[in-house]
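Derivation of every value follows stated rules applied to the coordinates shown; laboratory data play no part. Predicted model only: the values in this text are computed from it and were never measured. Here the Cβ is made from the backbone with ideal geometry for all residues, glycine too, and neighbour counts use every protein chain on show.
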Amino acid sequence: MAVFRLIFNIAWFILGGFVMGLAWWLAGLLCFISIIGIPFGRSCFVIGEMAFWPFGNEQINRRTLYGREDFGTGLFGTIGNVIWFLLFGIWLAIGHLTHAVACFVTIIGIPFGIQHLKLALLSLAPIGQSVVAKPQ
């Protein structure tokens, strides 16, 4: 199973994951311009790593993961997600959707397109989410 995951991750990286991972990291660098944006930037780098190697990882709500509310899963997380959506989220989602459509053209590209759709949804509202390894 780990061999298939590695093969899919390498193919993903070559066929579009590299571009979208760099887009996430660019958004992270832009977030680091202001002190308020530092938590956003850190999240961009974590999600950018997932955009480079998505197979074997998944996103999960921190409320579900830890069983309690925190700063990012409450009201401030919602406000942060609205700001994120307006500044970066919509553009990253459009990038992932464009790559997904290109991947869905071929049968072999369908798993890659599905991963792009998952990342597009994550890019709309990433605050309050965590990236974790899938259980094997």
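Here are some notes:
- Backbone HN-Hα couplings from phi across segment 84-96 [Karplus 6.51/-1.76/1.60, Hz, Gly and Pro as x]: 4, 4, 5, 8, 10, x, 5, 6, 5, 5, 4, x, 5
- Take the Cα of THR98, step 7 Å toward its Cβ, do the same at LEU15, and the gap between the two points is 1.9 nm.
- Applying both filters, DSSP loop and at most 15 other Cβ atoms within 10 Å, to the chymotrypsin sites (Phe, Trp or Tyr not before Pro) of segment 1-50 gives PHE32.
- Residues with amide H under 5 Å from that of GLN129, placed H, sequence gap 5 or more: ARG62
- Each principal axis of the Cα cloud of the chain was taken in turn, and the coordinate range along them, longest first, works out to 41, 30, 20 Å.
- Loop sites in segment 29-134: GluC sites (Glu not before Pro), DSSP, at most 14 other Cβ within 10 Å: GLU69
- Label point 7 Å beyond Cα of ILE60 along Cβ direction - residues of segment 68-110 with amide nitrogen under 14 Å: 68
- Projected label points at ILE33 and THR78, each 7 Å from Cα along the beta carbon direction, are separated by 2.9 nanometres.
- The string of couplings for segment 67-72 from the Karplus curve (6.51, -1.76, 1.60, θ = phi - 60°) is x, 7, 6, 9, 4, x Hz, one whole number per residue in order, with x for Gly and Pro.
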